Amino acid sequence: MAGTSHGHTPAAWTGVVISFIGFCVSGAFMVLANPVGFWAGLVVVALGGVVGLAMKAAGMGMPKPAHADLAEVIAAKQLAAKA
């Protein structure tokens, strides 16, 4: 995993931090036997996912890799097979 930049973006970090805070809130209220606080923490967890996706859509996530044109790939394989 160290050889790739998987998850090393502002969108990923922000989404994970918000979700982590939500898990902590939810866990604390579960121990305190407070169902409203527990569900509020889970809402924060979901909010973390939404914020991460919104930031990714805004261009703060990993760009999608460009794929080679299928015709170029086929031509390169045929050329390699001849050699």
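The values are calculated or read from the model by the stated rules, or taken from the named source; none is laboratory data. In this text the structure is predicted, and so the values were computed from the model without any measurement. Methodologically, a virtual Cβ is constructed for each residue, glycine included, from the backbone with ideal geometry; neighbour enumeration extends over all protein chains shown. For accessibility, only protein heavy atoms count, side chains too; no ligands or nucleic acids. Shrake-Rupley method; radii C 1.70, N 1.55, O 1.52, S 1.80 Å.
Touching a Ser or Thr at 6+ places or on another chain (Cβ under 7 Å) and modelled with pLDDT of 90 or more: which single residue out of GLY15, GLY41 fits that description?
Values: GLY15 fails: touching a Ser or Thr at 6+ places or on another chain (Cβ under 7 Å).
Only one candidate qualifies: GLY41.
For segment 33-83, name all the residues that are under 13 Å from ALA11 (Cβ atoms), open to solvent by less than 70 Å² (accessible area, probe 1.4 Å) and not in a helix (DSSP H, G or I). Walk me through it before giving the result.
Applying the first criterion (under 13 Å from ALA11 (Cβ atoms)) to segment 33-83 yields 48-63.
Narrowing further to those that are open to solvent by less than 70 Å² (accessible area, probe 1.4 Å): 48-49, 51-52, 54-55, 59, 61.
The answer is GLY61, and nothing else.
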